[in-house]
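Participant: Take a look at the following structure, please.
Each reported figure results from applying straightforward, stated rules to the coordinates on display, with no laboratory input. Please read these numbers as outputs of a predicted model, since none were measured by experiment. A quick note on method: Cβ atoms are made from the backbone with ideal geometry, for glycine too, and the neighbour counts reach across all protein chains shown.
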Amino acid sequence: MAELGNPQNTIEVLQKYRFNFQKKFGQNFLIDTHVLDKIIDASGVTEDDFVLEIGPGIGTMTQYLCERAREVVAVEIDKNLIPILSDTLKNYSNVTVINEDILKLDICKLAEEKNQGKPIKVVANLPYYITTPIIMGLFESHVPIDSITIMVQKEVAERMQEKPGSKEYGALSLAVQYYAKPEIVANVPPNCFMPRPNVGSAVIRLTRHEKPPVEVEDEKLMFRIIRASFNQRRKTLANGLNNSPEIHLPKEVIQESIVSLGVPENIRGEALSLEQFAELSNEIGQRMK
Ligand code: SAM
């Protein structure tokens, strides 16, 4: 049985090791067993699964994962947590802790070694200062993934689900929806963590699409176009693309590609759907050849 996950046991572990929280690592540890149960249930982890946990902290969620999964690898950047994890996870033989920065780890290699290249599940209460690089890194590196179930800042979870026309719709919404189906599973208030974060949190499950929902000839070009469109949000799409150092095309050609979508030539990027960005990228790609 998992032993952590309530305030008393967490305080006991922290005191035993005289652990000092490091703000720079986004350390807010979960102290609510209901939330932990919700995350684990939403992740759909079974005894067949290999799970990658990012940032195990003192091992609270790791214990829950070890109870359910075939094997768990937990990647923690803070070396001060490593002796604590050896202690809190000592009863589990199906876990490996790696003391490394997740952004530097070769996850494709890990999935190949530990799961023979079959899709893995990722479960984490993420450090909020690097949510986007972690998610984009996982998707863009083409790690075989089944699903990612994560705690993130509430606004970020909402942004991942947004559609065109909303103020929060942006490059993250498009990237997440290109790769996966996002579903918010739970809203989590600050008092479920120690120390309490200044923001509300949410658990979101991203279920990887078997096939992207749109056909794109050059994924990298589409994401360059998306980034250029949202980098200059207040400009029209045409101006955003003209000013982008990454798109090398004459003004008229960009204009022509936009008009070929059947939209007004002064449209803003935030009004385009994923389908339209895919179409625009295919049009621009043709003209760049
Ligand atoms: N999973 C624990 C829990 O729910 O109680 C801790 C979650 S806490 C929000 C984030 C964890 O990620 C911390 O343990 C922190 O040290 C770790 N972390 C921060 N940056 C990291 C990075 N670049 N690579 C791996 N772990 C990181």
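Participant: With both bridge residues required to lie in the chain, what share of the DSSP beta bridges run antiparallel, to the nearest 5%?
Facilitator: Of the beta bridges lying entirely in the chain, close to 45 percent run antiparallel.
Participant: Can I ask one more? Please give the calculated 222 nm ellipticity per residue for the chain, where each DSSP H segment of at least 4 residues contributes -39500 (n - 2.57) and the sum is spread over every residue; nearest 500 deg cm²/dmol?
Facilitator: Calculated mean residue ellipticity at 222 nm is -11500 deg cm²/dmol.
Participant: From the cross-link list 109/251; 109/163; 121/154; 16/181; 90/114; 118/220, which pairs have alpha carbons spaced over 32 Å apart? Mind dumping the intermediate values first?
Facilitator: Values: 109/251 43 Å; 109/163 34 Å; 121/154 22 Å; 16/181 42 Å; 90/114 20 Å; 118/220 24 Å.
Cα-Cα > 32 Å for 109/251; 109/163; 16/181; rest within.
Participant: Here's another thing I want to ask about it. Need one number: convex hull volume per residue for the stretch 224-279, Cα atoms only, in Å³.
Facilitator: Roughly 70 Å³ of hull volume per residue.
Participant: May I pose another question? Mind checking Rg over Rh on the stretch 25-176, alpha carbons, Kirkwood formula for Rh?
Facilitator: For the stretch 25-176, the value is 0.96.
Participant: Which whole-number percent is the relative contact order of the stretch 91-186 (Cα, under 8 Å, 6+ apart)?
Facilitator: Working: 82 pairs, mean separation 22.4, N = 96.
Value for the stretch 91-186: 23 percent.
Participant: Per residue of the stretch 221-231, in order, report the coupling 6.51 cos²θ - 1.76 cosθ + 1.60 (Karplus, θ = phi - 60°) as ³J(HN,Hα) in whole Hz, putting x for Gly and Pro.
Facilitator: Each residue's phi maps through the Karplus curve to give 5, 4, 5, 5, 5, 4, 4, 4, 5, 8, 4 Hz.
Participant: Amide H to amide H, which residues 5 or more places from residue 3 or on other chains are under 5 Å from it, using H placed in the peptide plane?
Facilitator: Distant-sequence amide H within range of residue 3: zero hits.
Participant: Out of the stretch 71-134, which trypsin sites (Lys or Arg not before Pro) are coil in DSSP terms and have no more than 10 other C-beta atoms within 10 Å?
Facilitator: For trypsin sites (Lys or Arg not before Pro) across the stretch 71-134 that sit outside H, G, I, E and B with at most 10 neighbouring Cβ atoms in 10 Å, the list reads 90.
Participant: Taking the Cα centroid of the stretch 58-84 and of the stretch 193-220, what is the distance between the two, rounded to the nearest whole Å?
Facilitator: Between the Cα centres of the stretch 58-84 and the stretch 193-220 lies a distance of 22 Å.
Participant: Computed from the mean reciprocal separation of all distinct C-alpha pairs, what Kirkwood hydrodynamic radius does the stretch 187-289 have, in Å?
Facilitator: 15.6
Participant: I've got another one for you. Taking the Cα centre of the stretch 203-289 as origin and charging only Cβ (+1 Lys, Arg; -1 Asp, Glu), how large is the dipole, in debye to the nearest 20?
Facilitator: In total the dipole reaches around 460 debye.
Participant: Within 12 Å, Cβ to Cβ, of residue 6, how many net charges do the neighbouring residues add up to if Lys/Arg are +1 and Asp/Glu are -1?
Facilitator: -3
Participant: May I pose another question? Using only alpha-carbon positions, what ratio does the radius of gyration of the stretch 1-90 give when scaled by 2.2 N^0.38 Å?
Facilitator: 1.04
Participant: Suppose a student asked you for the relative contact order of the stretch 154-289, using Cα pairs under 8 Å spaced at least 6 residues apart; what percent would you report?
Facilitator: 24
Participant: Give me the percent relative contact order of the stretch 1-158, please, defined on Cα pairs under 8 angstrom at least 6 residues apart.
Facilitator: Over the stretch 1-158, the number comes to 23 percent.
Participant: Turning to a different aspect of this structure: Using only the Cα atoms of the stretch 33-75, build the gyration tensor, take square roots of its eigenvalues as a ≥ b ≥ c, and label the shape rounded, prolate or oblate: rounded if a/c is under 1.5, else prolate if a/b is larger than b/c, else oblate.
Facilitator: Because a/c hits 1.5 or more and a/b fails to exceed b/c, the stretch 33-75 counts as oblate.
Participant: If you split all Cα-Cα distances of the stretch 115-253 into 5 Å bins from zero, what percentages do you get per bin, shortest first?
Facilitator: 2, 9, 17, 19, 18, 15, 10, 6, 3, 1, 0, 0
Participant: Just want the ordering: 70, 18, from fewest to most Cβ atoms lying within 10 Å of their own Cβ.
Facilitator: 18, 70
Participant: Let me ask something additional. Residue-wise, which Karplus ³J(HN,Hα) couplings in Hz belong to the stretch 65-80, taking 6.51 cos²θ - 1.76 cosθ + 1.60, θ = phi - 60°, and x for glycine or proline?
Facilitator: Per residue, the Karplus-derived 3J(HN,Hα) values read 5, 4, 5, 9, 8, 6, 8, 10, 10, 10, 10, 10, 7, 7, 5, 5 Hz.
Participant: May I pose another question? Quick one: what are the phi-derived ³J(HN,Hα) couplings along the stretch 43-57, Karplus 6.51/-1.76/1.60 with θ = phi - 60°, whole Hz, x for glycine and proline?
Facilitator: 5, x, 5, 10, 5, 8, 8, 9, 10, 9, 9, 9, x, x, x
Participant: Measure out, as a whole number of angstrom, how far apart the alpha-carbon centroids of the stretch 226-283 and the stretch 153-179 sit.
Facilitator: 19
Participant: Hey, any idea what Rg/Rh is for the chain, computing Rh the Kirkwood way over Cα pairs?
Facilitator: 1.04
Participant: Do any GluC sites (Glu not before Pro) in the stretch 34-108 lie in a DSSP loop with no more than 14 other beta carbon atoms within 10 Å, and if so, which?
Facilitator: Here the sparse-neighbourhood loop sites are 47, 100.
Participant: Amide H of residue 201: which non-local residues (sequence gap of 5 or more, or other chain) have their own amide H closer than 5 Å, using H built in the peptide plane?
Facilitator: When sequence neighbours closer than 5 places are left aside, the close amide H contacts are 154, 188.
Participant: Any chance you could check the Cα centroid distance between the stretch 91-115 and the stretch 6-57 for me, in angstrom?
Facilitator: First find each Cα centre; the distance between them is then 17 Å.
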